[in-house]
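Trainee: Let me begin by handing over the structure; questions about it come next.
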Amino acid sequence: MSRLFPILSRVIAAWQAHEIETVLSHMTDDIVWHYAAPGLPPVRGKAAAEKLLRKLQADMHDIQWRIFAHAETGDRLFLEGVDEYRTADGKRMALPYAGVLEFRGDQIAAWRDYVDLGVLADQKAGKPFTPQVEALLDRVAATSA
């Protein structure tokens with residue numbers, strides 16, 4: 001039975017509901033969040049995480065964050081998913097990724113998302129989704145079983 005995935009499911013629900021404070025309540029004060037590892041430097045600490053979350057949410061609408069597969073070992077949750085949303089100007093964005101979350105108790109202490117920033121740049125530039133991205137999106141999301 002999964003212990004960590006239900007916690008992430010609550011984070012996802014809070015993010016989709018634009019409840020940043022609830023998202024933050026699931027993070028340790030000293031969280032290290034690599035939101036685009038290894039392409040960008042990590043965010044360190046809950047205050048910096050809040051600043052990033054507010055910046056991201058300003059341009060993310062109709063959020064459909066989905067997890068397709070997950071596995072746990074000890075205090076680590078491994079996952080494969082997609083961040084799909086519309087920008088403020090109406091562009092559809094979809095960023096497939098893999099991630100690793102490390103928990104301390106029931107809070108996320110480290111978070112690493114591995115994404116292809118080139119895919120994001122192409123979509124921001126208005127290019128259509130590649131067939132590879134489309135294929136990755138057309139899957140059933142995991143449940144918290």
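Trainee: Is it the case that the stretch 106-118 has a residue that's under 24 Å from Arg139 (Cα atoms), hydrophobic (A, V, I, L, M, F, W, C) and not in a strand (DSSP E or B)?
Mentor: To start, the set of residues in the stretch 106-118 that are under 24 Å from Arg139 (Cα atoms) comprises 111-118.
In the following step, the residues that additionally are hydrophobic (A, V, I, L, M, F, W, C) were identified as 111, 115, 117.
From the residues that got through so far, the ones that are not in a strand (DSSP E or B) too are 117.
Yes, because at least one residue in the stretch 106-118 is under 24 Å from Arg139 (Cα atoms), hydrophobic (A, V, I, L, M, F, W, C) and not in a strand (DSSP E or B).
One line per residue, one yes/no per condition, for (1) closer than 20 Å to Ile7 by Cα; (2) of a type in the set (D, E, K, R); (3) in contact with a helix residue (DSSP H, G or I) (Cβ under 8 Å, 6 or more places away or on another chain):
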{"site": "Leu52", "(1), (2), (3)": "no, no, no"}
{"site": "Asp83", "(1), (2), (3)": "yes, yes, no"}
{"site": "Met93", "(1), (2), (3)": "no, no, yes"}
{"site": "Leu117", "(1), (2), (3)": "no, no, no"}
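Residue-by-condition table, conditions (1) open to solvent by 60 Å² or more (accessible area, probe 1.4 Å); (2) part of a strand (DSSP E or B); (3) without any contact (Cβ under 8 Å) to a residue 40 or more places away in the chain:
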site	(1), (2), (3)
Val11	no, no, no
Ile31	no, yes, no
Phe68	no, yes, no
Ala71	no, yes, yes
Leu79	no, yes, no
Glu84	no, yes, no
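Trainee: Go through the stretch 86-97 and report how many residues are open to solvent by 30 Å² or more (accessible area, probe 1.4 Å) and in a loop (DSSP other than H, G, I, E, B).
Mentor: 4
Trainee: Also, I was wondering about something else. Determine, yes or no, whether Ala49 is open to solvent by less than 20 Å² (accessible area, probe 1.4 Å), without any contact (Cβ under 8 Å) to a residue 24 or more places away in the chain and of a type outside the set (Phe, Trp, Tyr). Let's see the steps before the verdict.
Mentor: Numbers: open to solvent by less than 20 Å² (accessible area, probe 1.4 Å): yes; without any contact (Cβ under 8 Å) to a residue 24 or more places away in the chain: no; of a type outside the set (Phe, Trp, Tyr): yes.
Judged against the criteria, Ala49 is not a match.
Trainee: For the list (1) free of Cβ contacts under 8 Å to residues at least 12 places away in the same chain; (2) surrounded by 15 or more Cβ atoms within 10 Å (Cβ to Cβ), I need the number of the one condition that Glu134 fails.
Mentor: Looking at each condition in turn, Glu134 falls short on (2).
The values are calculated or read from the model by the stated rules, or taken from the named source; none is laboratory data. Please read these numbers as outputs of a predicted model, since none were measured by experiment. All Cβ positions, glycine included, derive from the backbone under ideal geometry; neighbour counts span all protein chains shown. These accessible areas exclude ligands, DNA and RNA; they are computed on the full protein's heavy atoms, side chains included. Shrake-Rupley method; radii C 1.70, N 1.55, O 1.52, S 1.80 Å.
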